[in-house]
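Scroll down for the structure; my scribbles are underneath it.
The values are calculated or read from the model by the stated rules, or taken from the named source; none is laboratory data. Predicted model only: the values in this text are computed from it and were never measured. Here Cβ is always computed from backbone atoms with ideal geometry, including for glycine, and neighbour counts include all displayed protein chains.
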Amino acid sequence: MTIETREARQPWKLLAPSLTAITLLLIIPLLFIIVYSFWLRTSTGADQVGFYLDNWQEALTDPFYRDILLYTLKIAAITTIVCAILGYPAAYFIARSKGHKALLLLLLMLPFWISYIIRTMSWINILGVSGALNTLLITLGITDEPIQMLYNQVTIVLGLVHFLLPFMILNIYVSLEGIDTTLEDAARSLGATGWQSFLEVTLPLSIAGLAAGGLLCFVLAAGTYITPIILGGPSDAMFANLVFEAIITQLDWPLGSALSLMLLVVLGALVIVYNHFLGMGQLMKGLGK
């Protein structure tokens, strides 16, 4: 074996463990799901092996699935916008703080030490009929009876923002940390105000982190099913809930596989469009400064 051949194989040897893990944990299961989506669920409860388009025809033509998919994308978009609005000031404060940055980052990471389900269910104790907020309102005499605050679209967004906000803040923080602060000083020395310096220098240079955080929050929000189950009402199901219902409750693996692939394709298409306009390479470049 020549030296050139050995050097050419060296990168593949280094990548072998990660490629093996990706193949076993992602590609092969995805191939199983694709195959399952073309099987057929019979009236006896058994899966009929073959190549049938019934599941795909139902998923693509039934307005029920289309409406819930659009609702899911709307909830994900609203959640992402709220996370961006709330997350940027917090990330900016942490990035520009002096002396307490490590403590602030530790506080930001604390929610990850608590189960996502527990964090979501905690809103029931806060917003429920006998929760802390209703108890406070009644005690202060603002209302005479409990207010129904749970099980609607607002509480779903609230729960998702509670879950995803740290991801947004961390992405923006990394981007802000890579900005040379002397650029802001230079802008001020040329006559720009603090607000103008932020709009003309800091914000454009931190767009990469904001865009990466937005993409992450949108995809995670669109694929969630725990939050709508706990905080949503009967009419607030998201698309992942349909997949859960088909596979776990109805044991209809073929239909559940088709629905999960449908969501995967839609989100993948949105990521491609996102990459086309923003450039994933530019996002990684911005986050890697």
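Out of THR80, THR44, one residue alone is of a type outside the set (D, E, K, R) and either in contact with an Asp or Glu (Cβ under 8 Å, 6 or more places away or on another chain) or at pLDDT 90 or above (or both). It is THR80. Against the condition at pLDDT 90 or above and on the phi < 0 side of the Ramachandran plot, how does SER260 come out, does it pass? Against the criterion (at pLDDT 90 or above and on the phi < 0 side of the Ramachandran plot), SER260 qualifies. Evaluating ILE248 against the criteria (1) under 29 Å from ARG41 (Cα atoms); (2) part of a loop (DSSP other than H, G, I, E, B) leaves one unmet condition, (2).
For the stretch 95-127, a tally of residues being within 19 Å of the chain's Cα centre (by Cα), at pLDDT 90 or above and surrounded by 13 or more Cβ atoms within 10 Å (Cβ to Cβ) returns 3.
Candidates TYR71, TYR65: the one that is surrounded by 12 or more Cβ atoms within 10 Å (Cβ to Cβ) and more than 28 Å from ILE169 (Cβ to Cβ) is TYR65. Cβ-Cβ distances below 7 Å connect the following pairs, each with a first residue in the stretch 35-55 that is of a type in the set (A, V, I, L, M, F, W, C), a second residue that is part of a helix (DSSP H, G or I), and a separation of six or more residues or different chains: TRP39/PRO254; LEU40/ASP54; LEU40/PRO254. In the stretch 1-106, counting only helices (runs of 4 or more DSSP H) that sit wholly within it, the ones holding 3 or more residues that are of a type in the set (S, T, N, Q) span 3-22, 54-61, 63-96.
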